[in-house]
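Structure first, then comments.
The numbers here are math on the coordinates, done by the rules we state, and not lab data. Values in this document were obtained by computation on a predicted structure and should not be read as measured data. Virtual Cβ from ideal backbone geometry, glycine too; neighbours counted across all protein chains shown.
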Amino acid sequence: MTHTRINLVGLDRDDLIQAMADIGEKPFRANQLWHWIYHRGETDFTAMTNLGKPLRAKLVEGFYVDRLEIVQALVSVDGSRKWLLRLEDGNEIEAVLIPDEGRGALCISSQVGCTLNCDFCNTGTQRLVRNLTAAEIVGQVMIARDEMGEWPSGVDDRLLTNIVMMGMGEPLMNFDNVKKALHIIKDGEGIAISRRRITLSTSGVAPMIARAGKEIDVDLAISLHAGHDDLRDVLVPINKKYPLDVLLKACADYPGARNSRRITMEYVLIKDVNDSPEEARHLAHLMRKHKIPAKFNLIPFNPWPGTKYECSSNNAVHRFSKILNDEGFSAPIRQPRGRDIMAACGQLKSDSENKKLKALQDKRATEGASV
């Protein structure tokens, strides 16, 4: 649907003040709208009871409060939830809520598709269509709040406590929209998720890391997956542009990084590829060499249709973790979550793209059988 009206979701405080000025209203109206939209999660102007009827009429005429369309909602046997969301232009993205004891992390997307082509990642097989707007990024959080019944923002015992920018796309290649969205999400009078509970994950866009630390100021995670350039060039091809020495120097200089606020090194363990004891010891060496206050997040590889890789054995995963622990680094093993609904790390891909891939595979199989 094409709107001539303006979507208020995704507007920051300055934007809302300007929007109100454009219709002859004073700045305090922006604060009222902020409260209704981002604190209470309200979408209906008529329910905004402290706004006069003339103002509500102007709002209905010129604006709307958007919610992304839920195409599919899946719940895993382990309690993880995945939403396939349709954007106004028909493109689709995915968001995943991973519950834990007393908390839950929402994994949100920053792009439709991805341009990085990481060899082990399902999302990387989907071409980049476009960047998400700030409205579409914030909208994923608002949908999850809707679905979990967690408005207003200050309610106790919320399940959605953390945000991880680890969904579809590379956040630092959509910097301005990600920055704007995360500032809206962090605002204490709105969605109110603390910066200490937000993690931005990058595959290694080194020149943008310092700027992210200064301008966004959330925790940093690096999609590392290898400690040698020759292997990382294959697994994470952006490494050819920003090799490990460049990336790790940017990590060492990340504003605010310290032992109490360590940088997370995400590491997907792939059988006979990057799971050797030597690789674990080399990772520890790299962190010490670059003086990075790091912790590791070890992720057993999550398979997807068409992949050539396999998950490391349980013994190899625990051996890898123990070596890093013995070297003085925290290296917990992330238990796979949501595999049965293709919601685990590295599995996200819009449903329409999965269907296209399956149709192409079926067509090739049929053509092959008829030869």
Original post:
Once the Cβ-Cβ distance between R195 and A73 is put in as r, and R0 is 25 Å, what FRET efficiency do you end up with, to the nearest 0.05?
Top reply: 0.30
**OP:** Rounded to the nearest 0.05, what FRET efficiency do R288 and D15 give with R0 = 56 Å and r taken as the Cβ-Cβ distance? Could you check?
**Re:** 0.80
Subject >> Dipole magnitude (debye, nearest 20) for the range 69-357, charges at Cβ of Lys, Arg, Asp, Glu >> reply: 700 debye
Subject >> FRET efficiency, 1/(1 + (r/R0)^6) with R0 45 Å, evaluated for D157 and D272 via beta carbons >> reply: 0.55
**OP:** Would you calculate a helix-derived [θ] at 222 nm for the chain, using -39,500 (n - 2.57) for each DSSP H run of n ≥ 4 and dividing by the full residue count, to the nearest 500?
**Re:** -10500 deg cm²/dmol
Original post:
Cα axis of helix 134-148 to longest principal axis of the chain: angle in degrees, 0 to 90, nearest 10?
Top reply: 90 degrees
Original post:
Using the Kirkwood radius built from alpha carbon pairs, what does the Stokes-Einstein equation give as D for the range 176-230 at 37 °C and 0.692 mPa s, in µm² per second?
Top reply: 267 µm²/s
Original post:
How long is the gain from A47 to R319 if the chain were fully straight, where each residue apart is worth 0.36 nm and the alpha carbon distance is subtracted?
Top reply: 92.2 nm
Original post:
Tell me, what HN-Hα J-couplings in whole Hz come from the Karplus equation 6.51 cos²θ - 1.76 cosθ + 1.60 at θ = phi - 60° for each residue of the range 186-198, using x for Gly and Pro?
Top reply: 6, 4, x, 9, x, 5, 6, 9, 4, 4, 6, 10, 10
Subject >> Leading residue at positive end of dipole, the chain (Cβ point charges), from L235, M208, I198 >> reply: M208
Original post:
Can you list the aspartates and glutamates whose alpha carbon sits under 16 Å from that of K271, skipping same-chain ones fewer than 8 residues off?
Top reply: D119, E279, E310
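Given the Cα-Cα distance of D326 and N91 and 0.36 nm per residue of separation, how much length would full extension add, in nm?
Numbers: separation 235, 0.36 × 235 = 84.60 nm, distance 4.63 nm.
Stretched out fully, the D326 to N91 stretch lengthens by 80.0 nm.
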Subject >> Two-decimal log10 I(q)/I(0) for the chain, as the Debye equation yields it once each C-alpha is a single scatterer, q = 0.12 Å⁻¹ >> reply: -0.92
Original post:
Once fully extended, how much extra length lies between N117 and D230, figured as 0.36 nm per residue of separation less the alpha-carbon to alpha-carbon distance?
Top reply: 39.1 nm
Original post:
Shape call for the range 6-64 from the C-alpha gyration tensor, a ≥ b ≥ c root eigenvalues: rounded (a/c under 1.5), prolate (a/b greater than b/c) or oblate?
Top reply: rounded
Original post:
Tally Lys and Arg at +1 and Asp and Glu at -1 over the other residues with C-beta under 13 Å from the C-beta of S260: what net charge comes out?
Top reply: +4
